[in-house]
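**Q** A single structure is presented below for examination.
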Amino acid sequence: MNFHRKGILAFLFCMAVSLYSGCADSQWSEPFPDRLSITVRDSIGIETGDSCYVLGSIVDAEITPSGSILLLDQIACCIREFSPEGTYLSIFSRRGSGPGEFAYPMEMALLPDGRIIVRDMLRSSIIILTANGESLSDLVDWPLLPPSAIVSVDENHIAGCGIEYDMQGVDLVLIFIPSLYTLNSTDRELKFFSDTLIVKNPEEAPLTPSGIRYSIMTSDNRNGRVFYTNMSTAHHGIHCWDIHGNSLFSFSLGIPPVAKTQQELLEETEYARIQFSSLGMNTLPEGYEPDPFHTLIVDLGVDSRGNLWIQRGTEERPVFDIIDDDGIHIGTAEFPRSGKYWQFSISPNGSLAWNLDPLSGVQRVYMVDLPVVDQE
């Protein structure tokens, strides 16, 4: 079977994968039954009125070193800047194909000095902006796709998950490579490790609007650490390295696979229909079916104390397991609102939350406060 580049790109864009396999202990029990509480302080976003506060489709958000809030709006193809109190300040970039412009932005990261990194899928580009939103450079000469799950490591490096592919007979071999990159080259500076998945009959693979988000990464750019996991339904595992590629620790909570209810499967199918429609597809891809099991880990973040926050994908409300800098599980925290599509930005500069599919139909971004974990 021959796959030309456009076919590979289309396939990768539509497919979500789980790289780990295996069975967890069915007798697993909750390590910290008394959960800490994440509190909501304020929010940004209104249904009607001042257009500066009417949000389109927020796909990422960050708090800058100076405390301002940046919201990456995928529909409007821009970044909106707000004060720490939620007052509108300015707008960065716009739709286009010129330097610093967006076509379909997917995610954003901040360097320690405030420079902004954006991955744009349609432009196949990593776009670098100043802290004021001015264009610095566009990295476009990637072999296949720019790395996903981008995070800042220090003022000169980002990390992200690159992808390569090969064919073994009729099977497509996907190779996912968490890597370190400099800000002036599309060449990989350091490879942390490689995950390999062999896909049987690629044309029959289940499709999902979550695109190629097959990996999740975060960083502790104050201490030069990089964390990696993937969107597995079978294995809960985190890897941590330093900037030189030395393994620091691995962590697994051992949560067993959790099946979705029939209602959850129906709701996920409807959500997928809406998402694919936004991509110009009038029907779901042939063969689409939601995964019958929940993704065990759906996001990662590092707080101001250097603790790693691991978001579970298995519960009605967002739940986080908190890991200290030695890889020890020190607590569990819960967000007070229900919903499958809550997203979080947890960083040393502060924390934000937003729902990709709010019941009200009005998207808001919430400023949240994390609890302090009592480490005895």
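**Q** What's the number of the condition residue 18 fails, among (1) among the hydroxyl-bearing types (Ser, Thr, Tyr); (2) at pLDDT below 90; (3) outside any loop (DSSP other than H, G, I, E, B)?
**A** (3)
**Q** Looking at the stretch 346-376 only, could you name the residues that are of a type in the set (D, E, K, R), farther than 16 Å from residue 271 by Cα and either surrounded by 21 or more Cβ atoms within 10 Å (Cβ to Cβ) or touching a residue at least 60 places away in the same chain (Cβ under 8 Å) (or both)?
**A** 364, 369
**Q** Further question: Within the stretch 178-192, track down each residue that is charged (D, E, K, R) and over 15 Å from residue 145 (Cα atoms).
**A** 189, 191, listed by residue number.
**Q** Sticking with this one: Could you say which residue among 328, 310 is under 22 Å from residue 63 (Cα atoms) and of a type in the set (A, V, I, L, M)?
**A** 310
**Q** Something else now. Using beta carbons and a limit of 8 Å, which pairs, at least six apart or on different chains, have the first residue in the stretch 228-249 and part of a strand (DSSP E or B) and the second one basic (Lys, Arg)?
**A** Partner pairs satisfying both residue conditions: 240/225; 241/225; 242/225; 248/225.
**Q** Is it the case that some residue within the stretch 82-91 is in contact with a Cys (Cβ under 7 Å, 6 or more places away or on another chain), surrounded by 12 or more Cβ atoms within 10 Å (Cβ to Cβ) and at pLDDT 90 or above?
**A** yes
**Q** Would you confirm whether or not the stretch 280-297 contains a residue that is outside any loop (DSSP other than H, G, I, E, B), modelled with pLDDT under 80 and among the polar types (S, T, N, Q)?
**A** Checking the stretch 280-297: not a single residue is outside any loop (DSSP other than H, G, I, E, B), modelled with pLDDT under 80 and among the polar types (S, T, N, Q).
**Q** I've got another one for you. Give the residue, chosen from 61, 76, that is surrounded by 20 or more Cβ atoms within 10 Å (Cβ to Cβ) and at pLDDT below 95.
**A** Result of the check over 61, 76: 76.
**Q** Of the residues 65, 99, which single one is over 21 Å from the mean Cα position of the chain (by Cα) and in a loop (DSSP other than H, G, I, E, B)?
**A** Selected residue: 99, the only one of 65, 99 that is over 21 Å from the mean Cα position of the chain (by Cα) and in a loop (DSSP other than H, G, I, E, B).
**Q** Another question, if that's okay. Considering only the stretch 50-58, I want to know if a residue exists there that is buried (at least 21 other Cβ atoms within 10 Å of the Cβ) and among the charged types (D, E, K, R).
**A** No, because not a single residue in the stretch 50-58 is buried (at least 21 other Cβ atoms within 10 Å of the Cβ) and among the charged types (D, E, K, R).
**Q** Could you check, for the stretch 104-117, whether at least one of its residues is basic (Lys, Arg) and either loosely packed, with under 13 Cβ neighbours inside 10 Å or modelled with pLDDT of 95 or more (or both)?
**A** Among the residues of the stretch 104-117, at least one is basic (Lys, Arg) and either loosely packed, with under 13 Cβ neighbours inside 10 Å or modelled with pLDDT of 95 or more (or both), which makes the answer yes.
**Q** Answer with yes or no whether residue 117 is without any contact (Cβ under 8 Å) to a residue 40 or more places away in the chain, β-branched (Val, Ile, Thr) and either outside any loop (DSSP other than H, G, I, E, B) or under 21 Å from residue 162 (Cα atoms) (or both).
**A** no
**Q** Condition first: crowded, with 18+ Cβ neighbours inside 10 Å and either part of a loop (DSSP other than H, G, I, E, B) or in contact with a helix residue (DSSP H, G or I) (Cβ under 6 Å, 6 or more places away or on another chain) (or both). Now tell me which residues in the stretch 310-345 satisfy that.
**A** 313, 314, 318, 335, 340
**Q** Report yes if residue 275 is out of contact with any helix residue (DSSP H, G or I) (no Cβ under 6 Å at 6 or more places or on another chain), more than 25 Å from residue 27 (Cβ to Cβ) and free of Cβ contacts under 8 Å to residues at least 60 places away in the same chain, otherwise no.
**A** Considered against the rule, which asks whether it is out of contact with any helix residue (DSSP H, G or I) (no Cβ under 6 Å at 6 or more places or on another chain), more than 25 Å from residue 27 (Cβ to Cβ) and free of Cβ contacts under 8 Å to residues at least 60 places away in the same chain, residue 275 comes out as no.
**Q** Yes or no: the stretch 130-153 includes at least one residue that is of a type in the set (Val, Ile, Thr), assigned to a strand (DSSP E or B), touching a strand residue (DSSP E or B) at 6+ places or on another chain (Cβ under 7 Å) and over 30 Å from residue 280 (Cα atoms).
**A** Checked against the condition, which is being of a type in the set (Val, Ile, Thr), assigned to a strand (DSSP E or B), touching a strand residue (DSSP E or B) at 6+ places or on another chain (Cβ under 7 Å) and over 30 Å from residue 280 (Cα atoms), the stretch 130-153 yields at least one hit.
**Q** Does the stretch 40-62 hold any residues that are touching a residue at least 40 places away in the same chain (Cβ under 8 Å), outside any strand (DSSP E or B) and among the aliphatic types (A, V, I, L, M), and which are they?
**A** 46, 55
Residue by residue, here is whether (1) of a type in the set (A, V, I, L, M); (2) under 25 Å from residue 244 (Cα atoms); (3) surrounded by fewer than 18 Cβ atoms within 10 Å (Cβ to Cβ) holds:
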residue	(1), (2), (3)
149	yes, yes, no
153	yes, yes, no
162	no, yes, no
166	no, no, yes
178	no, yes, no
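The values are calculated or read from the model by the stated rules, or taken from the named source; none is laboratory data. Just so it is clear, the structure is predicted and the values come from calculations on it, not from any experiment. Reconstructed Cβ throughout: ideal geometry from the backbone, glycine too, with neighbour counts over all protein chains shown.
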